[in-house]
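Shown next, in structure tokens, is the structure this report addresses.
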């Protein structure tokens, strides 16, 4: 089964099409990296796929669930990690995760929260307010938040923004540890980093797909040259 399917997907703001006639299919268990210049439509596409914005036209499905017809069911399949933590800074790490676990109807939420705090290495800070955490620690709690309901698809919107090299290393290890058979879709400005992580790569420009291909069908040098030619930008 495909984890993500789009057919002529469009999102318009007035007369401007931020996402314009986008069609692709992504198999379950894949890691898709989406590239493109500022204003290419990357984040808008991610927002539509994560049900944060309604499409203007076309179709989109997550694991066979139509986003227009069954958005609530689709949301149960999704986890989201971005440069914004989506956490309440005055709540503790444990309180934040318990809140999301209960919102998603997780069975035995206390056990699930403990499991995730162990997984991200923050059990010792479980009772500390998130506002006291470093950027890297906050992002680790964000990973736990995104995984609390065991989603089949995880969306990442520039998740490395603001992380120092050590935090990036920890983040990479955590993502590797939770990959399993989950599907990941990541927006990135860092061509080398995004390409190294992905199984599939997609380039957007002016809301349209420039290229979409499995990574094993294109060498990084060829891909980066294609990227430069089509969107007029060098490797980040």
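Computed from the coordinates by the stated procedures, all read-outs in this text should not be read as laboratory data. If you're wondering where the values come from, they're calculated on a predicted model, not measured in any experiment. Note that each Cβ is placed from the backbone with ideal geometry, even for glycine, and that neighbours are counted across all protein chains shown.
Using equal-weight Cα scatterers in the Debye expression, the normalised intensity of the range 1-44 in log10 at q = 0.21, 0.29, 0.34 Å⁻¹ is -0.78, -1.10, -1.18. Relative to the longest principal axis of the Cα atoms of the chain, the long axis of helix 93-103 lies at roughly 70 degrees. Over the range 61-124, Cα pairs under 8 Å with separation of 6+ residues give a relative contact order of 18 percent. Here the residues 182, 208, ranked from fewest to most Cβ neighbours within 10 Å of their Cβ, fall in the order 208, 182.
Once C-alpha pairs closer than 8 Å and six or more residues apart are averaged by separation and normalised to the residue number of the range 153-236, the relative contact order reads 25 percent.
With respect to the chain, whose longest principal axis is taken over its alpha-carbon atoms, helix 165-178 is tilted by about 90°. Considering only 74, 205, 177, the Gaussian network model of the chain with Cα springs below 10 Å gives its largest mean-square fluctuation to 177.
Measuring nothing but how far apart in sequence close Cα pairs (under 8 Å, 6+ apart) lie, relative to its length, the chain scores a relative contact order of 27 percent. In terms of other Cβ atoms within 10 Å, 132, 230, 43 run from fewest to most in the order 132, 230, 43.
Packing here is the average count of other Cβ atoms within 10 Å per residue, and on that basis the peptides 30-39, 5-14, highest first, run 30-39, 5-14. Placing R0 at 45 angstrom, the Cβ-Cβ distance between residue 228 and residue 150 gives a FRET efficiency of 0.70 after rounding to 0.05. Between residue 114 and residue 208, residue separation times 0.36 nm minus the direct Cα-Cα distance comes to 29.6 nm. Per-residue ellipticity at 222 nm from helix content only, as computed over the chain with -39500 (n - 2.57) for each DSSP H run of at least four residues, stands at -10000 deg cm²/dmol.
According to the Cα-based calculation, Rg over Rh for the range 1-96 is 1.01, with Rh computed by the Kirkwood formula.
Here r is the Cβ-Cβ distance between residue 123 and residue 65 and R0 is 41 Å; the resulting FRET efficiency, rounded to 0.05, is 0.75. Principal semi-axes of the equivalent ellipsoid, √(5λ) from the alpha carbon gyration tensor of the range 115-180, are 17, 15, 11 Å from largest down. For the range 27-143, the calculated P(r), taken from all Cα-Cα distances in 5 Å bins from zero up to the bin holding the longest distance, is 2, 10, 17, 18, 17, 16, 12, 7, 1, 0 percent. Two numbers describe the Cα atoms of the chain: Rg and Dmax, which are 17.8, 52 Å.
The percentage of C-alpha pairs in the range 135-236 whose separation is greater than 23 Å is 32%.
Ordered by the number of other Cβ atoms lying within 10 Å of each residue's own Cβ, fewest first, 148, 65 fall into the sequence 65, 148. Against the main long axis of the alpha-carbon atoms of the chain, helix 220-231 sits at an angle near 70°.
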